[in-house]
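Here, each number is a calculation from the coordinates, and none is a lab measurement. Every value quoted in this text rests on a predicted model; they were computed, and no experiment measured them. Cβ coordinates were reconstructed from backbone atoms using ideal geometry, including for glycine residues, and neighbour counts include every protein chain displayed.
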Amino acid sequence: MSELTGRTALVTGVSGQDGGYLAELLTAEGTLVHGVRRGTGPLPPHLAALGDRLVVHTADLLDPSAAAALVREVAPDEVYNLAAESSVARSWSQPVETALLDAVLPAAILHAAAGVTGTSGQPVRVLQASSAEVYAGAGVTPQSEATPVVPVTPYGAAKAHAHHLVQLHRAGGVFAVNAVLYPHESPRRPPAFVTRKITSTVAAIARGRADELVLGNTAARRDWGWAPDSVRAMVLALRHSEPLDVVVATGTSHSVEDFVAAAFARAGIGEWRHLVRSDPAFWRPKDAADLVGDPTLARTALGWSTTVAFADVVGSMVDADLALLDA
Ligand code: GDP
């Protein structure tokens, strides 16, 4: 690990998929990370491994004043607001919690950040984890930073509110960045997401522990990237010379069915269609047909590109789920 740089970052949602990869990346380069999470149980091993480079705060971020107090108290150089109700599916059944976490919390953070000076003497910078879902109803493919913000889900609506607030605070002088994240996966993705549901079920079928995979809309297309790549883009975006909105995407979409086919192939199962069943319970009131981002700005302004191809994203998730079963 490098020497500490004196830079301090506050990461909300540190116990999530992205929070973990981000804390690993930042601490490895010598940044002291203050991570916020809701629970109080033992830390997952990848966070425990970071030792005293990670200071964990427990706070209920449904209470926006708790987040604001942390921003003022820690006075970090960088805030990465990753805490969210991150499941679009759950946002239909939990619209109030979604609004509080995905819209009110960013409002509190942005408001508190105005006027805070970080440990390195510069005004604090804020990165908001915005989402492809803000463009879901725009009827344009691929989507770019210029695409109109037209959400079609409670999740998208809340993220859109935060997206606009970032732009308003930026106009008011806060260094605030929207990283417009397309779905990004890894073996740490929770099974509420279709990718991990597919890989964990396919692994279970391969080991004789499940006999079918039950899904909803398999025609939906998503631009699935690799979570550590997306997290790297967040850091590059926050450290850009000017605050900006930037789409973080691979530029290619695949259908849920493509993902299923790739997962069965990786697990060595050739004939799979009879193993997959459709259930209306997993269909949503509204679902974007094709979310695919144009990563031109990320490439030109940030020098960012993806390092893991779709087949390898699926492959590494299937391999990890097989290894969990074989352990
Ligand atoms: P999202 O893109 O953030 O909503 O991430 P998800 O992984 O939850 O869903 C991705 C796509 O998979 C959406 O178009 C869903 O409608 C579709 N999908 C199809 N079957 C399922 C399922 O069983 N679970 C989930 N979560 N999504 C499913």
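Quick notes on this structure:
- For region 185-327, share of DSSP beta bridges that run antiparallel, in % to the nearest 5: 25
- Stretching Val140 away from Ala171 to a fully extended chain increases their span by 8.5 nm, per 0.36 nm per residue minus the current alpha-carbon distance.
- For region 225-325, the relative contact order is 48 percent, taking Cα pairs closer than 8 Å that sit 6 or more residues apart in sequence and dividing their mean separation by the residue count.
- In this structure, the amide hydrogen of Val248, modeled 1.01 Å from its nitrogen in the peptide plane, lies closer than 5 angstrom to those of Val180, Leu181, Tyr182, counting only residues at least 5 positions away or on a different chain.
- Listed values for region 25-40 are Karplus-derived 3J(HN,Hα) couplings in whole Hz (6.51 cos²θ - 1.76 cosθ + 1.60, θ = phi - 60°), namely 5, 5, 5, 5, 8, x, 8, 7, 10, 9, x, 10, 9, 8, x, 10, and x replaces Gly and Pro.
- Charges were assigned to the Cβ only: +1 to each Lys and Arg, -1 to each Asp and Glu. The resulting dipole of the chain about its Cα centre is roughly 200 debye.
- Ranked packing of 215-224, 303-312, most packed first, by mean Cβ within 10 Å: 215-224, 303-312
- Positive-end ranking of Ala69, Pro183, Ala23 along the dipole of the chain, with charges on Cβ about the Cα centre, is headed by Ala69.
- Size of electric dipole in region 192-327: Cβ of Lys, Arg +1 and of Asp, Glu -1, about Cα centre, debye, nearest 20: 180
- Region 125-171: relative contact order in percent, alpha carbon pairs under 8 Å with at least 6 residues between: 39
- Taking every C-alpha pair closer than 8 Å and separated by at least 6 residues, the mean separation divided by the residue count of the chain gives a relative contact order of 17 percent.
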